[in-house]
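Each reported figure results from applying straightforward, stated rules to the coordinates on display, with no laboratory input. Note that this is a predicted model, so its numbers are computed, not measured. Positions of Cβ are backbone-derived with ideal geometry, glycine not excepted, and every protein chain shown enters the neighbour counts.
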Amino acid sequence: MYLTIEKIQKSFVNDRKENVKVLDGINLNVKKGSFVSIVGPSGCGKSTLLYLVAGLDKADSGEIRVNGDLVTKPGRERVVVFQEAGLFPWLTVLENVTYGLNLKKMPKEEAKAKALDVLKMVHLSKYVNSYPHELSGGMKQRVSIARALVMEPDILLMDEPFSALDEQTRMVLHKELLDIWRKTKVTIFFITHNIREAVLLSEEVVVFATRPGRIKEIIPVPTMKDGVTPDSVTLNTEQRILSILQEEIEKVLKEEIGDDYSFKTDHLHRGDSGDMGSHI
Amino acid sequence: METLFNGLMSGQITLAIGKSMGRILLGFTIAIVVGLILGYFIWRYKLVEDTLGFVVTALQSIPSIVWFPLAIIWFGLNDFSILFIVTIGATWTMTVNATSGFKNVPQLYQRVAKVYGSSGFHFLRTVILPASVPQIISGLRIAWAFSWRALMAGELLGGGGGLGQLLEMGRSLGQMDLVISVMIIIAIIGTIVDNVVFSRLERNVEIKWGIRKRV
C-alpha cells in the first residue's frame, strides 16, 4: 500500500472549551495511482483528515505513512489543492505556478519551461502573465491545479476543489481532472460532499460517518474497461452511498434542528444533476 | 509671493527644504525598519505581544514632540535630537500597522506556502510581507504624517536649519512674508508626498491585486 493511514485519533477544543472528537480510529489504505474520494456530511472531519495527510496538522495518535515514510510535516510530494484557489494576488499566473519550483531550487529557465507545459495542459497558455484577479473562478482553480501538478507530486490532495464553482465549470473541470489523472498517473485523494462528483471521478468512495468522524463504508465504483461507466451503474452507486449517508444526515439534522426532524427516505431529488448531497 | 519666489531662488528656502527632507527621509526609513522588525516580533511571539505590544499602544498615544525635552537631555540640542523625535513619531504607528498587517495574512496563503515547503525567512519574504503590503502602505501614510509634524515641531524648537528653523527665524525678524512662505511650502510638500507618493503606491497595489478597478 502506498498511503497508509492507521488508527488516527484527533480532537479539537471548541469555543466552550469542550473536547470534541473529530476523527476516531481512521484506518485507510490507498494504492499508488488510484483515485479515492471521501464523502461525508459537513463537519465529519474529512478535511481534517486531508490536513493530517498534508502534514499541516498533527494527529493526537496514529500514523500516516506515504511510501513507508512517516508524515510529520508538509512535503512537496503531497501537494494540496484547496477549496479556494489560494493564489497569491501579488504574483502573476506564471509566478504562482513556479512558486514551488523556486523553493525546490530549480533553475529559473527550467522552472519556467515546466510551468508553461503544465499551464498548457490546463488550457491557460494565454493567461501566463495575468494576475489572479483577472481570472474567473474556474480558471483560478485550474492555476491552482497547475501549481500542484508542476511539483510532480506523488499524491494530489484535493479539498473540495470544485465546490465553489458553478455547474458548467465543474463539469468541464471533472473531465479535465480525469484526463490529467490518466496522463500523469498521480494518486488523487479527493474530499467532497458531492456524492455524484465522487462517483463520477473516483475508483473508490470512502463514506464517512460523523461525530466523531469514522469510516462507515468503502465503496468501489465499478468501471468498464474502456473507462466509461454507464449511467445506470453510476446511479446505482450514488443511491447506495446516499442510503448509507442518510443515517448520518439525520444525525446531523437532529442535532441542529431537533428530534422531530426526519429526513424523508426513498426520496431522491434528481432535478439538478450536480446538486446531489450539497444540501447535506 | 515675492518672498517665496526669491527665497526659492536665492536658495534660502531651497536649502531649508533639502535639510528638512534629508532629516525626515533618514528618520522615516529608520522608523519603517524598526517598525517592521518590532511588528514581526509582536506577531511572532505571544510573550512579546503581551508585553511590548501593550507598551507600543501606550507609546503611540504620546505625541512625539513630548519626547523632545528628554531627547535634549540625552543627546543635547542638536540634529540628533530632531532625528530622534522624527523617528519615534513614526515608529509606533508603523509597528502597530505592521503587526496588524502580519496578523491579517489569510490562513489560506500561509497554508499554501507551507504545502510547497516554504518556511523561515523565505516564508516571511514571499508570503507574510507581500500579503500585508496594503496595510503597511496605509501605515506608511499615517507614519509619514506623524513624522512630518514631529519634524516641524522639532526644527522650530531645536534649530539646526530646516523649514522649522526658517519659520522661527521669520518670527524673530518679524518677517511675516517669510513665515507665510514657509507655511505654504510645508503644506505643498505634505500634500505632494501624500497624494503623489502614497496614493499612487496604494492605487498601484490595489489595481494589481484587483481590489480596485483601473479607471
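Structure remark: mean-square fluctuation, Gaussian network model of chain A, C-alpha springs under 10 Å; the largest value among A:79, A:97, A:122 belongs to A:122.
Helix B:79-103 and the longest principal axis of the C-alpha atoms of chain B enclose an angle of approximately 30°. With the highest mean first, a sort of the peptides B:19-26, B:87-94 on other beta-carbon atoms found within 10 angstrom per residue produces B:87-94, B:19-26. Taken about its Cα centre, region B:2-209 carries a charge dipole of about 860 debye when Lys and Arg each add +1 at the Cβ and Asp and Glu each add -1 at the Cβ. For chain A, the square roots a ≥ b ≥ c of the C-alpha gyration tensor eigenvalues yield an a/c of 1.5 or more together with a/b exceeding b/c, which makes the shape prolate. In this structure, the amide hydrogen of residue A:35, modeled 1.01 Å from its nitrogen in the peptide plane, lies closer than 5 angstrom to those of A:188, A:203, A:204, counting only residues at least 5 positions away or on a different chain. As I understand it, the dipole of region A:74-211 uses +1 on the Cβ of Lys and Arg and -1 on the Cβ of Asp and Glu, about the Cα centre. Which of A:103, A:190, A:202 lies farthest toward its positive end? The one lying farthest along the dipole's positive direction is A:103.
Taken as entire DSSP H runs, the helices of chain A that both span 15 Å or more between Cα atoms along their own long axis and average 0.5 or more on the Kyte-Doolittle scale are A:93-103. Once the Cβ-Cβ distance between residue A:130 and residue B:194 is put in as r, and R0 is 30 Å, what FRET efficiency do you end up with, to the nearest 0.05? For residue A:130 and residue B:194, the calculated efficiency is 0.45. When the square roots of the Cα gyration tensor eigenvalues are ordered a ≥ b ≥ c, the ratio a/c for region B:1-96 is 1.5 or more and a/b exceeds b/c, which makes its shape prolate.
Once R0 is set to 30 Å, what does the formula 1/(1 + (r/R0)^6) return for the Cβ-Cβ distance between residue A:217 and residue A:21, expressed as a FRET efficiency to the nearest 0.05? The computed FRET efficiency comes out at 0.90. Peptide B:114-127 is shielded by partner chain Cβ atoms: per residue, an average of 5 of them sit within 10 Å of its Cβ.
Counted over the protein assembly as shown, the DSSP beta bridges are approximately 55% antiparallel.
Packing here is the average count of other Cβ atoms within 10 Å per residue, and on that basis the peptides A:141-154, A:22-35, highest first, run A:141-154, A:22-35.
Here the Karplus curve 6.51 cos²θ - 1.76 cosθ + 1.60, taken at θ = phi - 60°, turns the phi angles of region A:15-27 into couplings of 4, 8, 6, 9, 7, 10, 7, 9, 10, 10, x, 8, 10 Hz, with x standing for Gly and Pro.
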